[in-house]
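The values are calculated or read from the model by the stated rules, or taken from the named source; none is laboratory data. A quick note: this is a predicted structure, and the numbers were derived from the prediction, not measured. Please note: Cβ atoms are built from the backbone with ideal geometry, for glycine as well, and neighbour counts cover all protein chains shown.
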Amino acid sequence: AKNGGKGRVCRYETTLHTRILERLQLQAALDRAITNGEFRLVYQPIVALGPGQLRGFEALVRWHHPSRGMVPPLDFIGIAEESGLIVQLGEWVLRTAVATAVTWGGAAYVSVNVSPRQFRAPGFVDLVQRALAEHGLPADRLVLEITESLVLAGRDQERIEAELEALRGAGVRIAIDDFGTGYSSLSYLHRVPVDLIKLDKSFVDTITTSVSQYELVKGIIGLAHALRLAVVAEGIETAADRELLVAAQCEYGQGYLFARPMSAEDALTWVSAVPAR
Ligand code: C2E
Ligand code: CA
Ligand code: CA
Ligand code: CA
């Protein structure tokens, strides 16, 4: 037993060592990835749940590493956030998404993920306004997805709220991403200027199997509506999910039931296939 224990410790240390090394290698590779043009954006449709009509696309980043192949965002967004590279990467994502949305001719908006560190970086509001102006995209064709942690934490809260207000004043809409996962207090919704909430997939996953989860989702949607916020449900995979969400008055949805994230080319085909609202 003693030997076995030692072996486990050894294995554990080896694993840890490997992980740290991997992380450092990934970080170094990330630094070069932007200049090497290794990132791509894919676009996932967001539809009106009742009629199923296209409303917008969420832009999602993909990293095509020369030797590792496709690295999923969950494996590098955290590292990019810690190293600060997310500011540069986020700027590339924003500009690329805005440039692509112009090709949709007003038929769909683009929804862009903004990490807390990127939002807090100096000049973020200016960057958004310049990107829109340079590409000629109307501000109401852009949604920024922010996280609950951005609007809850810390001493720069007033500045963050003023910047959100400035963006909304310019016509950009703000969505709270992964809504319901992070914090138990919902009171910030009264204070913070937002337009949409994105109901996290973990809620959607359980509504067909648990009555109490479905009641909870209905409660969240009711609360959002009382605050004049629209709701986008994430991760809709089945027709049953969709029906329950329609019955709960949820306005918009996104998920594999409608489409997986796709290339900009395929997104353009989707736009031309679906009549504008
Ligand atoms: P997210 O913002 O919650 O994005 C939704 C994720 O759910 C995406 O994963 C999407 O591909 C996936 N998804 C959509 N519909 C379904 C479904 O029906 N079933 C299942 N199982 N999954 C579905 P993805 O693309 O791997 O992105 C993961 C996360 O990485 C995102 O979660 C977001 O937090 C982050 N991320 C992606 N792109 C960016 C970016 O450009 N900037 C920043 N800051 N974060 C990003
Ligand atoms: Ca998102
Ligand atoms: Ca989300
Ligand atoms: Ca999520």
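Are there any pairs with C-beta distances below 7 angstrom linking a residue in region 66-91 that is free of Cβ contacts under 8 Å to residues at least 24 places away in the same chain to a residue that is surrounded by fewer than 16 Cβ atoms within 10 Å (Cβ to Cβ), with the two at least 6 apart or on different chains, and if so which?
M70/R62; M70/H64
How many of the residues making up region 131-156 are at pLDDT 95 or above, touching a helix residue (DSSP H, G or I) at 6+ places or on another chain (Cβ under 9 Å) and more than 18 Å from Q254 (Cα to Cα)? Reasoning before the result, please.
Applying the first criterion (at pLDDT 95 or above) to region 131-156 yields 131-146.
Okay, now just the ones that are also touching a helix residue (DSSP H, G or I) at 6+ places or on another chain (Cβ under 9 Å), so 131-132, 134-139, 141-142, 144, 146.
Then drop every residue that is not more than 18 Å from Q254 (Cα to Cα), which leaves 131-132, 134-139.
Looking only at that region, the number is 8.
Is there a residue being more than 22 Å from E58 (Cβ to Cβ), aliphatic (A, V, I, L, M), surrounded by fewer than 20 Cβ atoms within 10 Å (Cβ to Cβ) and away from ligand 1 (no atom under 13 Å from the Cβ) anywhere in region 189-210?
Looking through region 189-210, none of the residues is more than 22 Å from E58 (Cβ to Cβ), aliphatic (A, V, I, L, M), surrounded by fewer than 20 Cβ atoms within 10 Å (Cβ to Cβ) and away from ligand 1 (no atom under 13 Å from the Cβ).
Check every one of the helices (runs of 4 or more DSSP H) wholly within region 133-205 and list those with 1 or more residues that are under 17 Å from the mean Cα position of the chain (by Cα) and touching a residue at least 24 places away in the same chain (Cβ under 8 Å).
Helices (runs of 4 or more DSSP H) meeting the threshold: 148-152, 157-169, 201-204.
Being closer than 16 Å to K198 by Cβ and not in a loop (DSSP other than H, G, I, E, B) is the filter here; which residues of region 243-261 pass it?
Residues satisfying the conditions are L245, Y252, G253.
It is to be established whether one or more residues within region 155-176 are within 16 Å of ligand 4 (Cβ to nearest atom) and either of a type outside the set (D, E, K, R) or within 15 Å of P116 (Cα to Cα) (or both). Break it down stepwise before answering.
First pass over region 155-176, keeping only residues within 16 Å of ligand 4 (Cβ to nearest atom): 175-176.
In the following step, the residues that additionally are either of a type outside the set (D, E, K, R) or within 15 Å of P116 (Cα to Cα) (or both) were identified as 175-176.
Yes - at least one qualifying residue is present in region 155-176.
For region 216-237, state whether one or more residues are within 16 Å of ligand 4 (Cβ to nearest atom), of a type outside the set (S, T, Y), crowded, with 18+ Cβ neighbours inside 10 Å and part of a helix (DSSP H, G or I).
Yes, region 216-237 has at least one match.
Mind checking whether some residue in region 35-42 is touching a residue at least 60 places away in the same chain (Cβ under 8 Å) and crowded, with 19+ Cβ neighbours inside 10 Å?
Yes, region 35-42 contains at least one residue that is touching a residue at least 60 places away in the same chain (Cβ under 8 Å) and crowded, with 19+ Cβ neighbours inside 10 Å.
Go through (1) within 12 Å of ligand 4 (Cβ to nearest atom); (2) in contact with a Phe, Trp or Tyr (Cβ under 6 Å, 6 or more places away or on another chain) and name the single condition G182 misses.
Condition (2) is where G182 drops out.
For region 121-155, which positions are of a type in the set (D, E, K, R) and either over 23 Å from Y188 (Cβ atoms) or surrounded by fewer than 16 Cβ atoms within 10 Å (Cβ to Cβ) (or both)?
Just the residues of region 121-155 that are of a type in the set (D, E, K, R), to begin with: 126, 130, 134, 140-141, 145, 148, 155.
Answer for region 121-155, where residues must be of a type in the set (D, E, K, R) and either over 23 Å from Y188 (Cβ atoms) or surrounded by fewer than 16 Cβ atoms within 10 Å (Cβ to Cβ) (or both): D126, R130, E134, D140, R141, R155.
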